[in-house]
Each structure stands twice: as C-alpha cells, then as structure tokens.
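Data block below; observations after.
The values are calculated or read from the model by the stated rules, or taken from the named source; none is laboratory data. The structure displayed is predicted, hence computed values, not measured ones. We place every Cβ from the backbone using ideal geometry, glycine too, and count neighbours over all the protein chains shown. Calculation scope for accessible area: heavy atoms of the full protein, side chains included, ligands and nucleic acids excluded. Shrake-Rupley method; radii C 1.70, N 1.55, O 1.52, S 1.80 Å.
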Amino acid sequence: MNKQIDLFPITSRQVIVGVDEVGRGPLIGDVVAAAVILPEDCSLLLADSKKLSEKKRELLFERITEQALAYSIQVATPAEIDALNILQATMLAMRRAIEDVARQHPFDMAMVDGNRCPKIAHPCTAIIKGDSKVAAISAASILAKVYRDRQMYQLDQLHPQYGFAQHKGYPTAAHLKILQTLPLLDGYRASFKPVKALLEARQGN
C-alpha cells in the first residue's frame, strides 16, 4: 500500500478493505458507499477525495478500479433514507459494499472512515479522518465521490434548470432559491428539513 497514506498501524499480512461514504448532506439522491481492497504493491498517490481536483479524482477512479483486488460501490436510495434516517441508510450502504467485496475477495479487517461501523459479520474498525490515514479508505472515498458526482451530472442533463452540476444536490443558497420556483423532483429526500418544509407549504396552498 501507499506508505504516504498508511499512517494507521496495519500489519503487513493483513488484508484491509477500506470503506467510505459520500452524500449524507444533499437534499436529493442516493447516499453512496464504496469498499476497496488494494494490492500490497499499490503505488497510487491517494488522498482524501475532498482534497483532490475533479480531474484528479476521475483519473484515480479509473486507476483504482483497474488495480484493486476487489471493490464495490453501493447505495441507499432516497426512499430508504426517508424510511430509516440518513445515519442508518449510510450504514446500510456501507454494509452492502462490504458484503459485496467479501464475496469477491477474503479480508481480515474492514476499516471505515468516521466514528461508527456498520453491523457486519467481519472485524471492523472506525477511524476518524481515515480517508487521510489509510490508503484503502482514501481509495473508497474517491470511488464514492466520483460515482455520486456522475449521478448528479446525469440528473443535470435531464433537468438543467435545477443546477445539479454546480451544487451536487447540497442545500446551497442557490439550490434553495431554485426550489422556491420549481417543483420537487422524484428523489428529493422528503425527511430532510428544507424539503419537508417545502412539501408542507405547498400542500397547505
């Protein structure tokens, strides 16, 4: 693994699956989780996806998917988010990604970015700021980020007036202003406060 990233102590023979998610905060779309097992000799210069340019993320996405021993990108849908809450939906997406990787390649430990592990039948460690400490978590953060951004670009092509290519579904001032005049599309998270308020206001009129 890339020793510039692997600051968390990992024994040389441990097979690690790194796990991260993207999309807790947006008002629309899936929450996306990725899980990645990198080869021991991986030489990719990885970093937290938020610290990379979009062009660099796209390039690394292709290289990670080519070089990984196993990887999976899974989602929890807006309907699942509304039914479960965003935290539990995130755990669901992570569990799906880990379980899919487990079917592809055996591993010793799942390492998850953050402070909480999903309920899985495998050893798991949560690491605060893990995407800047463990190469496999960094790789997972890149896969999840690129995948979700691509979803938003596709949505932007279908509905350019909403500005999804710019705000990626997050509740920016521009996004909230747009929603004052346009209908809520399928996929908006009805349980999220700004969306819920709009739905209630429009039902009351």
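Key figures
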| quantity | calculated |
| --- | --- |
| Residue satisfying all of: in segment 120-134; of a type outside the set (Val, Ile, Thr) and touching a strand residue (DSSP E or B) at 6+ places or on another chain (Cβ under 7 Å); nearest to ASP30 (Cα to Cα) among these | ASP131 |
| Checklist (1) exposed (fewer than 14 other Cβ atoms within 10 Å of the Cβ); (2) touching a strand residue (DSSP E or B) at 6+ places or on another chain (Cβ under 8 Å) applied to PRO78, failing item | (1) |
| Qualifying residue in segment 153-174 (condition: out of contact with any Gly (no Cβ under 6 Å at 6 or more places or on another chain), loosely packed, with under 14 Cβ neighbours inside 10 Å and of a type in the set (Asp, Glu)) | no |
| Candidate set from segment 41-55 (those that are closer than 20 Å to GLU21 by Cβ and open to solvent by 80 Å² or more (accessible area, probe 1.4 Å)); member that is nearest to the chain's Cα centre (by Cα) | LYS50 |
| Matching residues in segment 1-40 - criterion: being open to solvent by 30 Å² or more (accessible area, probe 1.4 Å), out of contact with any Leu (no Cβ under 9 Å at 6 or more places or on another chain) and modelled with pLDDT of 95 or more | GLU21, GLY25 |
| Some residue of segment 136-150 being farther than 30 Å from THR65 by Cβ, under 18 Å from the mean Cα position of the chain (by Cα) and open to solvent by less than 70 Å² (accessible area, probe 1.4 Å) | no |
| Residue check, GLU58 touching a residue at least 40 places away in the same chain (Cβ under 8 Å), open to solvent by 40 Å² or more (accessible area, probe 1.4 Å) and closer than 26 Å to MET152 by Cβ | yes |
